[in-house]
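One structure below.
The values are calculated or read from the model by the stated rules, or taken from the named source; none is laboratory data. Treat the numbers as computed from the prediction; the structure is a model and nothing was measured. Here the Cβ positions follow ideal geometry from the backbone for every residue, glycine too, while neighbour counts run over all protein chains shown.
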Amino acid sequence: MKNINIEKIRNTGICAHIDAGKTTLTERILFYANRIHKMQEVKSKDGNGPVMDSMELERERGITISSATTNIEWKDYKINIIDTPGHIDFTIEVENALRILDGAVLVICAVNGVQTQTFTVEKQLERYEVPYLVFINKLDRSEAKPFEVVKQLEEELGTNPVLLQIPIGKGENFSGVIDLVSMKMILFEGNFGEIVVKYEIPEEYKKEAKFYQDKLIDSVALHSEELTESYFEGNLNEEIISKAILKCTLERSVVPVYLGSAYKNTGVQLLLNGIIEYLPNPTEKEVIAYNLEKDKEKIVIEPNPNLPTIALAFKIQNNEYGQLTYLRIYQGMIEKGCKLYNNRDKKTIKVPKIVKMHATSMEKIEQGYAGDIVAVFGVDCAIGDTFTSEGNYFTFRDSYIPEPLVFYAIKLNKSEDEKQFAGAVSRFMREDPTFKSYFDAETKETIIAGLGELHLDIYLERLLREYGIKIEMSSPRIAYKEKITATTSFSYTHKKQSGGRGQFAKICGEITPSGNDENVFEEEIKDGAIPSEFISACEKSFFSCLDKGELVESPIIGTKIILNDGGFHEVDSSPRAFEIAIKKMFKKYYQKCKPSILEPIMNLSIVSPSEFRGNIITIIRQNRGDIKKVKVEDKISKIESTIPLSETFGITKKFRSSSQGKAEFNLSFKEYSFLPKNLAMEVIKKFQQKKEEY
Ligand code: GDP
């Protein structure tokens, strides 16, 4: 077996709020690691985008949709880098990237600071316990305020940031940093900042550097006894400080903060050093899998290439060569021609071709080993599938997949496109489980569903560009829910006893709001008034009643049933009779519980030049929005608000036209909340009309 130096591998993601600069940063990283020889700017005039934004659509819109992976060598380390999308509508890509990463870099704009998507990403990093570094970018901008951003990281994001650097020069004059570990000034010289030069700290920065180094040591010493001891013994050195920072980063008790300007080629190489110095190698992060043969018993995976193989498919892409599946190999190895077992569909597949990806190009390899990320060709599978060597049966925990919030009924312009359409959407669904498409047998419509307007717009454009399929869409429909607001007692007997074996079931109890969004079944049956086998039939039937409410046939939430009495017949009672009893009772009593409709409410945050603040607040208020917080910092205003999802369609255009295209906004799901009565009536009326049409 080949001797792999797994300690010299880093699997790192780059995440951020949209526009913080992660595509630009990744481009610089590729350049310094000699992966590319010319840098491209995002939205450059010659029509060439950066290497990592591969889809044509991404280039046009200047945003990153699907995460691209690449790998570089830095010093003698191998770093796999995943560029993750920043827009919330593509959150599933971020989730899937984070669950397979060992470490991450969170890019934050020095001007806009902590933004909504920063919160979302931080939560995800926490969910998967990923240690990370922060890179505060755009220090070349005159409005940059790195120290304020560090404060926001602490106060708004609730992390424990420690600055490892302080800046040299402000705005346009930003030229480098003082490294607080080595206590040297580092400047980036040459045409592309490729020459990294160390200098002694200039006199005028000495006091500030000492102040921030003390701060760094204080923060880290709280979590490192070794550092505290060395400090008191007076033998503190660079190595001891670095070791303590590593320990704290791995246990996530501090977040090291780097400074730079990707655009102006400043600070990127030091961040790369940070990735290898402070982010974990594959042996330093515990990975759990579940043994499917032993009732999902937990095992800790060892990243040992000599053990049986366990790998996770975390991304799927289709291109002209067929399906490309990205695999994180956790244990064992994968070899060209080897057989792997898919633990979801229980099929064994043969691996025809293994590659390492570099944005859109690839390099053929013969084997991949534990700890690494590779891509395989010609393997039919879905995102999230676990592959093992034959005779081993394991799985990982499921990723969090948000439910669709928006639906469109669609019609193909040309009916001969039907087959191709089916192929395209099944491909999209395998790549992105938050995108759904199905045929609604009741309305006889084809539906596509997703997380928001932009999310679905992207797929419509892909249908057109990649498949030449044009479709017509209905106006959007919202994923409503229904919830009861009142308590009702019930007593119901289902009886059919004329001729042959009859049916008999009597049920008594109460339907009441559960107090939260959960549905609950409770039984307080005494003296065997209903035998237990019939009680479980009642439970099953109750939950199936909640699939569709009567108002707009949406799922019912927040409802509790307490079954406390009833009756049965020795011969005529059966589980089926009790199921029917519950169904009929629920139909009879549902309206008495005063059900109402709930709609999805979104968090909406906007960053805009202050002169447009008034316009933006007006638009939010005109669309049933609720302003929560307005923060004015010099010329920039940050507006935090909530707004019903139904009011967000087309709002992009309104914000753009009222801010000369300068407002940046971000939407993310917050909660379900009751629709105002008049609107609820309207929604019900429209639903009934539509129902009569089909
Ligand atoms: P992403 O959405 O996070 O991938 O961000 P991009 O890399 O696409 O950058 C968004 C915009 O910010 C682009 O116009 C970049 O040219 C610009 N940008 C990125 N990094 C910097 C930086 O360090 N300084 C300045 N001034 N602009 C930057």
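Scan the stretch 118-153 for residues that are of a type outside the set (Gly, Ala, Ser) and modelled with pLDDT of 90 or more and the total you get is 22. Set side by side, the residues Leu463, Leu456 differ, and just one is touching a residue at least 40 places away in the same chain (Cβ under 8 Å) and either farther than 22 Å from Pro402 by Cα or assigned to a loop (DSSP other than H, G, I, E, B) (or both), which is Leu463. Within the stretch 163-181, the presence of at least one residue that is among the polar types (S, T, N, Q), assigned to a loop (DSSP other than H, G, I, E, B), surrounded by 14 or more Cβ atoms within 10 Å (Cβ to Cβ) and within 16 Å of the ligand (Cβ to nearest atom) is confirmed.
Whether any residue in the stretch 467-479 is closer than 30 Å to Tyr590 by Cβ, part of a strand (DSSP E or B) and of a type in the set (Asp, Glu) is what I want to check. Looking through the stretch 467-479, none of the residues is closer than 30 Å to Tyr590 by Cβ, part of a strand (DSSP E or B) and of a type in the set (Asp, Glu).
Across the stretch 10-20, the qualifying residues are those that are part of a strand (DSSP E or B) and more than 7 Å from the ligand (Cβ to nearest atom), and the one among them that is nearest to Ala97 (Cα to Cα) is Gly13. Hand me the list of strands (runs of 3 or more DSSP E) wholly inside the stretch 480-550 holding 2 or more residues that are of a type in the set (A, V, I, L, M) and at pLDDT 90 or above. In the stretch 480-550, the matching strands (runs of 3 or more DSSP E) lie at 503-513. Listed by first and then second residue, the pairs with beta-carbon distance under 8 Å, at least 6 apart or on different chains, first residue in the stretch 136-165 and under 17 Å from Gln117 (Cα atoms) and in contact (Cβ under 8 Å) with a residue 12 or more places away in the chain, second in a loop (DSSP other than H, G, I, E, B) and away from the ligand (no atom under 16 Å from the Cβ), are Leu153/Thr159. Of all residues in the stretch 254-270, those being within 12 Å of the ligand (Cβ to nearest atom) and in contact with a strand residue (DSSP E or B) (Cβ under 7 Å, 6 or more places away or on another chain) number 7. Restricted to the stretch 21-33, and to residues there that are at pLDDT below 90 and near the ligand (Cβ under 6 Å from one of its atoms), the residue that is surrounded by the fewest Cβ atoms within 10 Å (Cβ to Cβ) is Lys22. Does the stretch 472-493 contain at least one residue that is loosely packed, with under 14 Cβ neighbours inside 10 Å and acidic (Asp, Glu)? Checked against the condition, which is being loosely packed, with under 14 Cβ neighbours inside 10 Å and acidic (Asp, Glu), the stretch 472-493 yields at least one hit.
Go through the stretch 623-655 residue by residue and tally those that are closer than 22 Å to Ala479 by Cα and not in a strand (DSSP E or B). Spell out the reasoning first.
So in the stretch 623-655, the residues closer than 22 Å to Ala479 by Cα come out as 623-626, 641-652.
Remaining after also requiring not in a strand (DSSP E or B): 623-625, 645-652.
Selection size over the stretch 623-655: 11.
Considering the conditions (1) assigned to a strand (DSSP E or B); (2) at pLDDT 90 or above, Phe669 is excluded by exactly one of them, (2).
Close contacts from the stretch 7-21, counting a first residue that is within 10 Å of Gly371 (Cα to Cα) and a second that is within 16 Å of the ligand (Cβ to nearest atom), with Cβ to Cβ under 8 Å and a gap of 6+ residues or different chains, come to Asn11/Ile82.
Is it true that some residue in the stretch 527-538 is surrounded by fewer than 20 Cβ atoms within 10 Å (Cβ to Cβ), within 22 Å of Lys592 (Cα to Cα) and among the acidic types (Asp, Glu)? Steps first, answer last, please.
Within the stretch 527-538, the subset surrounded by fewer than 20 Cβ atoms within 10 Å (Cβ to Cβ) is 527-529, 531-533, 535-536.
Now restrict to residues that are within 22 Å of Lys592 (Cα to Cα): none.
For the stretch 527-538, residues surrounded by fewer than 20 Cβ atoms within 10 Å (Cβ to Cβ), within 22 Å of Lys592 (Cα to Cα) and among the acidic types (Asp, Glu): absent.
Of all residues in the stretch 362-397, those satisfying the criterion of being within 26 Å of the chain's Cα centre (by Cα), surrounded by fewer than 21 Cβ atoms within 10 Å (Cβ to Cβ), of a type outside the set (Val, Ile, Thr) and more than 19 Å from Asn11 (Cβ to Cβ) are Phe377, Asp380, Ala382. Within the stretch 231-273, being surrounded by fewer than 23 Cβ atoms within 10 Å (Cβ to Cβ), part of a helix (DSSP H, G or I) and among the small types (Gly, Ala, Ser) holds for one residue alone: Ser242. Based on this model, can you work out whether Ile643 counts as closer than 17 Å to Cys109 by Cα, in contact (Cβ under 8 Å) with a residue 12 or more places away in the chain, in contact with a helix residue (DSSP H, G or I) (Cβ under 9 Å, 6 or more places away or on another chain) and not aromatic (Phe, Trp, Tyr)? Taking the combined requirement at face value, the residue does not satisfy it. Scoring Arg127 on the criteria (1) within 13 Å of the ligand (Cβ to nearest atom); (2) touching a residue at least 40 places away in the same chain (Cβ under 8 Å) leaves a single failure, condition (1).
Of all residues in the stretch 99-114 being outside any strand (DSSP E or B) and within 11 Å of the ligand (Cβ to nearest atom), which is nearest to Ile275 (Cα to Cα)? I'd like the intermediate steps shown before the answer.
Start the filter on the stretch 99-114 by keeping residues that are outside any strand (DSSP E or B), which leaves 99-102, 110-112, 114.
Narrowing the set further to residues that are within 11 Å of the ligand (Cβ to nearest atom) leaves 110-112.
Working: Ala110: 20, Val111: 24, Asn112: 24 Å.
Only one residue tops the list, namely Ala110.
Considering only strands (runs of 3 or more DSSP E) fully contained in the stretch 301-420, which possess at least 3 residues that are at pLDDT 85 or above? Reasoning before the result, please.
Numbers: elements: 310-319, 322-331, 333-335, 339-342, 347-350, 353-358, 361-365, 367-369, 373-377, 386-388, 406-412.
Here the list reads 310-319, 322-331, 333-335, 339-342, 347-350, 353-358, 367-369, 373-377, 386-388, 406-412.
Restricting the stretch 131-142 to residues that are in contact with a strand residue (DSSP E or B) (Cβ under 7 Å, 6 or more places away or on another chain) and in a loop (DSSP other than H, G, I, E, B), which is farthest from the ligand (Cβ to nearest atom)? Can you show your working first?
Restricting attention to the stretch 131-142, the residues satisfying the condition of being in contact with a strand residue (DSSP E or B) (Cβ under 7 Å, 6 or more places away or on another chain) are 131-140.
Cutting the leftovers down to in a loop (DSSP other than H, G, I, E, B) gives us 131, 138-140.
Values: Pro131: 21, Lys138: 4, Leu139: 7, Asp140: 5 Å.
Ranking the qualifying residues of the stretch 131-142, first place goes to Pro131.
Filtering Ile354, Ile299, Ile316 for residues that are away from the ligand (no atom under 16 Å from the Cβ), of a type in the set (A, V, I, L, M), touching a residue at least 24 places away in the same chain (Cβ under 8 Å) and more than 27 Å from Ala16 (Cβ to Cβ) leaves a single hit, Ile299. The combined condition, being under 26 Å from Ile556 (Cβ atoms), acidic (Asp, Glu) and buried (at least 19 other Cβ atoms within 10 Å of the Cβ), is not fulfilled by Glu524.
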